[in-house]
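One structure is given below, encoded as structure tokens.
Throughout, read-outs are computed from the coordinates displayed, never taken from laboratory work. These numbers were taken from a predicted model, which means no experiment stands behind them. Positions of Cβ are generated from backbone atoms using ideal geometry, with glycine treated the same way; all protein chains shown enter the neighbour counts.
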Amino acid sequence: MQILLILGIVFAIGAVSFALQNDIAVTVVLGFWRYDSSLAVVLLMAVCLGALIAGLVSTPSVIKSQWDRVRLRRQVTSLESDRATLESRVREIESDAARKSPLPELAAEGAAPYVGLKSLMMAQEETHPKRPFQN
């Protein structure tokens, strides 16, 4: 944003110095309207009019992006509070589960009280390797 401001100031200084070096009288005609002035004044008016038009054209997009930014900040804040609530709820549930565990010594050690069927079968296969079928 600051770079754009600096570039705008440099452009304005260049336009003013160009206009001041070209101070001959000119006539601007637009339809039935006629304006006599120096070239410096006409150039400065053209630059100011261009800046005004650019500002008016870019204003809706700037306002929309600011609204989007505010909406997204609110959404992030809401999601962070939801996350904190859910984390506290998970801690509550984990502590309740640890207290109600049928095998508290296993729950305290962090060991699983259930050994799955797959692990039992895998252990059995390791001790008794399969033999190929014989015809």
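Please list, in chain and number order, the residues 5+ apart from VAL28 or on another chain whose amide H is under 5 Å from its amide H, with Hs placed from the backbone.
TYR35, ASP36, SER37
Quote to one decimal, in nm, the extra length available between SER37 and ARG99 on full extension: 0.36 nm per residue of separation minus the C-alpha distance between them.
Gain in length upon complete extension: 13.2 nm.
Are there chymotrypsin sites (Phe, Trp or Tyr not before Pro) in region 1-74 that DSSP puts in a loop and that have at most 13 other Cβ atoms within 10 Å, and which ones?
Values: sites: PHE11, PHE18, PHE32, TRP33, TYR35, TRP67; in loops: PHE32.
Counting only loop positions with at most 13 other Cβ atoms within 10 Å, the chymotrypsin sites (Phe, Trp or Tyr not before Pro) in region 1-74 are PHE32.
Could you give me the ³J(HN,Hα) list for region 45-50, computed from phi with Karplus coefficients 6.51, -1.76, 1.60 and θ = phi - 60°, whole Hz, x at Gly and Pro?
Each residue of region 45-50 in turn: 5, 5, 5, 5, 5, x Hz.
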